[in-house]
Amino acid sequence: MELVSPTTCPHGLPPRTCQICRVLEPSAAPAGRPGRRPSTRRGGLGGNLAVLAIVAVVGFVVVGWVAAAFFAVLRIVELLAVAAVAGWVGFKLGVQKGKRRR
Ligand SMILES: [Zn+2]
């Protein structure tokens, strides 16, 4: 069994100069190296995509609700309009009949 001192990585190299450790574990790399930027960028991009997907789904659902409510209101308004027109026509016919009778 090889003797691994704390200052060398499992690859037998100093952690600061070992490229294998940097590639495999960027977060575990020694400080002083800007290895966080790519990971944070990827994480941010993934987070943005996830947020975008959630917003898209929620927006789709909300749009569906709004459309359903709009059509429901439209239907009620249509029924009211038809009832009003029918009532108005009936009232008009009744008035004309009444005028003709008298
Ligand atoms: Zn290493």
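Details
- Verdict on residue 49 being at pLDDT 95 or above and surrounded by 10 or more Cβ atoms within 10 Å (Cβ to Cβ): no
- Contact annotation: residue pairs with Cβ atoms under 6 Å, 6 or more positions apart or on different chains, pairing a residue in the stretch 1-19 that is more than 7 Å from the ligand (Cβ to nearest atom) with a partner that is at pLDDT below 65 and assigned to a loop (DSSP other than H, G, I, E, B), are 16/30.
The values are calculated or read from the model by the stated rules, or taken from the named source; none is laboratory data. All values reported here derive from a predicted model rather than from experimental measurement. So basically every Cβ, Gly included, is an ideal-geometry build from the backbone, and we count neighbours across all protein chains shown.
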